[in-house]
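Peer 1: Starting off with a structure, shown below.
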Amino acid sequence: MNPTPPTASHQDAAVAIPATVTQPRFRFLRSPAIRRPATVIGLAMLLFFVLVAIFASRLEPFNPNVKSGAIYAPPSSHHLLGTDDAGADMLSLLIAGSRVSLIVGFAAALVAILIGGAVGLLSGFFGGRIDSILMRITDYVLVIPDIPLMIIVAALFGRHLLNIIIIIGAIYWTSTARLVRAQVKSVRERTYVKRVRAVGAGNSRLIGRHILPQVAPLLIANTVLMVAVAIFAETYITFLGLGDPSLISWGKLIENSFRGDATLNGAWWAIVAPGVCVTLVVLACTMVGQSMEDALNPRLRVGHLSVRRFRLRSIPADVE
């Protein structure tokens with residue numbers, strides 16, 4: 001006797017199961033949150049600063065390490081943003097400083113994401129005693145004051161650029177760990193994960209093939225937000241005198257302006273220009289990261305839909 005041929009509903013179900021597993025990885029690209037004006041503006045600003053950092057050596061009008069004008073010369077056609085306390089061109093210094101600031105921002109964010117992602121993944125997947133131990137460590141790191149810890153670590157291990165990256169990444173991974181842990185706990189309880197476990201898949205296969213791909217988009221969004229935190233942290237670390245003295249960064253320019261009494265000399269451009277650059281990059285990363293988080297976080301997406309439905313239902317029927 002021949003077996004009953006699969007019906008159309010069975011075929012649709014067989015096709016729908018893989019789609020539900022793989023679709024969330026790329027669905028955020030079609031989300032309305034990604035196409036917001038704020039997201040486009042943030043991406044444009046972030047891309048602008050990245051390109052400036054990449055081609056910094058070609059864009060600098062003067063050598064940032066050589067005196068090219070009078071001390072604290074005001075902005076002019078020769079020096080568009082004036083000069084600093086050493087007579088160096090401020091525009092050239094800003095272009096050169098963008099490379100160090102962005103390197104620290106992206107590298108420290110990567111360190112934080114790697115540490116926080118690993119802790120959150122293991123804690124959320126295994127649960128139990130491992131979850132308790134890792135979350136207690138996360139709580140201890142979370143309550144440690146960041147600035148005193150940075151001062152101590154910089155004094156012990158030196159003010160090298162690599163040390164600054166590791167310090168920032170080793171301090172700001174806690175929020176990532178909590179976010180990933182909550183998402184992993186939700187994913188591991190889904191039906192397709194339980195079915196794969198029942199078939200006999202090991203923990204490494206579950207994490208690598210089914211858990212991590214679902215968490216990766218949120219990690220990407222959190223990485224963009226973490227870049228803003230890392231750049232801001234590098235700025236005030238360098239401003240406190242804990243940065244690498246041999247490198248030019250936006251924080252170093254702000255520190256030099258205060259050490260050189262720029263405010264007393266009325267050289268506002270020496271302080272405002274690097275401060276504006278830091279603000280724009282942090283704002284751009286925040287706008288892009290929040291938009292990606294809105295597109296990837298189901299709870300935020302449901303919240304936006306509920307608000308829209310409420311507004312539509314609240315419109316009177318006679319209003320066209």
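Peer 1: Once the piece of chain linking Ile133 and Phe258 is laid out straight, how much longer is it, given 0.36 nm per residue of separation minus the C-alpha distance between them?
Peer 2: 40.6 nm
Peer 1: Compute the distance in nm between two label points, each set 7 Å from the Cα along the Cα-to-Cβ direction, one at Ala118 and one at Ile220.
Peer 2: Distance between the two pseudo-spin positions: 2.3 nm.
Peer 1: Test of the criteria: in the range 26-132, which trypsin sites (Lys or Arg not before Pro) are in a DSSP loop and have at most 14 other Cβ atoms within 10 angstrom of their Cβ?
Peer 2: Those that pass, being in a loop and sparsely packed, are Arg35, Lys67.
Peer 1: Please report the orientation-averaged projected area of the range 99-146, defined via the convex hull of its C-alpha atoms, in nm². Mind dumping the intermediate values first?
Peer 2: Working: hull surface 14.6 nm².
About 3.7 nm², averaged over all directions.
Peer 1: Please give me, ordered by residue number, the chymotrypsin sites (Phe, Trp or Tyr not before Pro) of the range 200-274 that lie in loop per DSSP and have at most 16 other Cβ atoms within 10 Å.
Peer 2: Trp268
Peer 1: I've got another one for you. Run the quick spin-label model on Ser76 and Ser186: label points 7 Å from Cα toward the beta carbon, then report their separation in nm to one decimal.
Peer 2: Label-label distance for Ser76 and Ser186, simple model: 5.9 nm.
Peer 1: Give me the Kirkwood hydrodynamic radius of the range 138-196 in Å, from all C-alpha pairs, to one decimal place? Show your work: numbers first, answer last.
Peer 2: Numbers: mean 1/r = 0.0728 Å⁻¹.
Its Kirkwood hydrodynamic radius stands at 13.7 Å.
Peer 1: Further question on the same structure: Do any chymotrypsin sites (Phe, Trp or Tyr not before Pro) in the range 55-143 lie in a DSSP loop with no more than 14 other beta carbon atoms within 10 Å, and if so, which?
Peer 2: Phe55
Peer 1: Report, please, the projected area of the range 30-313 averaged over directions, based on the convex hull of its C-alpha atoms, in nm². Provide the component values of the computation, followed by the final result.
Peer 2: Numbers: hull surface 77.4 nm².
Projected area, direction-averaged: 19.4 nm².
Peer 1: Follow-up question, since we're still on this one. Mind giving me the FRET efficiency for Phe55 and Arg209? R0 is 41 Å, r the Cβ-Cβ distance, nearest 0.05 is fine.
Peer 2: About 0.55, to the nearest 0.05.
Read-outs: derived from the displayed coordinates by stated rules, not from any lab. The model shown is predicted, which means the values in this text are computed figures rather than measured ones. Ideal geometry is used to build each Cβ from the backbone, glycine not excepted, and the neighbour counts take in all protein chains shown.
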